[in-house]
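Taking it in order: structure first as structure tokens, then the write-up.
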Amino acid sequence: MSATTGGGPVRVLVIEDDPVAADAHALYVGRVPGFTAVAAVHSLAEATRVLERTRVDLLLLDLTLPDGHGLRFARGLRAAGHPVDVIVVTSARDLAVVRESVSLGVVQYVLKPFAFPTLRERLLRYAEFRATAGEAAGQDDVDRAMAALRAPRPAELPKGLSAPTLDRVAALLRAAPEGLTAAGAAEAAGTSRITARRYLEHLVDTGRADRSPRYGQVGRPELHYRWLAAAGSVSNV
């Protein structure tokens, strides 16, 4: 699906205080057809300077920046009549913050950490919404336009996996900079080694972790799992 408007791509400004995460987000944006990242900045002051000199259609906005809160920044843009749209990208799970985001017209709210397919799906939904034009013939047309922004139901986990255990294993892996083996994850999570390995493999399959063999002094190599930098680095608000 093309997100282009007026003959050009949707121009995205990434606002994220973590430089590694900012680069990852900009890379993700560039991989989605019809979108381009015009800049990746690490403060609201930098973002303001970019907005003053460059056309920007969409912000990927973190909430906790070194010089202020992202939602206060968004509120200021709205008060000034700036037409830019906003997708919040944060690990803030407070539903009061989610409600405030909705009240400010935030079009998507994406929780960290995430893999590329999550952001791609949100951007493509935004593109579909952005492409709606003209006058609605009736309520059905309005409903279809609004539905474009709604995320689909989360994909079901493979049989035998549970969301709470997956969250626990993912949190353990994120907190282990050197990575974990299945045995190490099993001990920390209180599961069997086979169970831990199934969750670790699921994280690999969904692009949130990778695995590599580690060779000891004797015997077969042991698989070592590590949270991907592009996902793990965005775990901070």
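On the stretch given as segment 87-100, residues that are of a type in the set (Asp, Glu) and either open to solvent by less than 60 Å² (accessible area, probe 1.4 Å) or within 10 Å of Asp62 (Cα to Cα) (or both) total 0. Within segment 66-81, being open to solvent by less than 50 Å² (accessible area, probe 1.4 Å) and out of contact with any strand residue (DSSP E or B) (no Cβ under 6 Å at 6 or more places or on another chain) holds for Gly68, Leu71, Phe73, Gly76, Leu77. Do we have Ala176 as part of a loop (DSSP other than H, G, I, E, B), surrounded by 12 or more Cβ atoms within 10 Å (Cβ to Cβ) and at pLDDT 80 or above here? For Ala176, the condition - part of a loop (DSSP other than H, G, I, E, B), surrounded by 12 or more Cβ atoms within 10 Å (Cβ to Cβ) and at pLDDT 80 or above - is met. Of all the criteria given as (1) crowded, with 21+ Cβ neighbours inside 10 Å; (2) over 23 Å from Glu128 (Cα atoms); (3) of a type in the set (Gly, Ala, Ser), the one not satisfied by Ala45 is (1). The single condition among (1) part of a helix (DSSP H, G or I); (2) under 23 Å from Leu149 (Cα atoms); (3) in contact with a Ser or Thr (Cβ under 6 Å, 6 or more places away or on another chain) that Arg99 does not meet is (3). Please verify whether Arg144 is open to solvent by 50 Å² or more (accessible area, probe 1.4 Å) and at pLDDT 85 or above, treating the condition exactly as stated. So Arg144 fails the test. The criterion of at least 1 residues that are over 20 Å from Ala127 (Cβ atoms) and at pLDDT 95 or above is met by the following strands (runs of 3 or more DSSP E) wholly inside segment 27-92: 35-41. For segment 102-125, a tally of residues being in contact with a Leu (Cβ under 7 Å, 6 or more places away or on another chain) and either part of a helix (DSSP H, G or I) or open to solvent by 50 Å² or more (accessible area, probe 1.4 Å) (or both) returns 1. The condition of being of a type in the set (Val, Ile, Thr), open to solvent by 30 Å² or more (accessible area, probe 1.4 Å) and in contact (Cβ under 8 Å) with a residue 12 or more places away in the chain holds for only one of Val12, Val84, Val38, that being Val38. Just one of the numbered conditions (1) modelled with pLDDT under 80; (2) touching a strand residue (DSSP E or B) at 6+ places or on another chain (Cβ under 9 Å); (3) open to solvent by 70 Å² or more (accessible area, probe 1.4 Å) is not true of Ala151: (3). The residue of segment 15-35 that is farthest from Val89 (Cα to Cα), among those that are open to solvent by 40 Å² or more (accessible area, probe 1.4 Å) and touching a strand residue (DSSP E or B) at 6+ places or on another chain (Cβ under 7 Å), is Gly30. The residue that is farthest from Phe116 (Cα to Cα), counting only those in segment 180-237 that are of a type in the set (Val, Ile, Thr) and modelled with pLDDT under 90, is Val218.
The values are calculated or read from the model by the stated rules, or taken from the named source; none is laboratory data. As the structure is a computational prediction, the values presented were derived from the model and not from experiment. Heads up, the Cβs are rebuilt from the backbone with ideal geometry, glycines too, and the neighbour counts pull from every protein chain shown. Areas reflect the complete protein model, heavy atoms only, side chains present, ligands, DNA and RNA absent. Shrake-Rupley method; radii C 1.70, N 1.55, O 1.52, S 1.80 Å.
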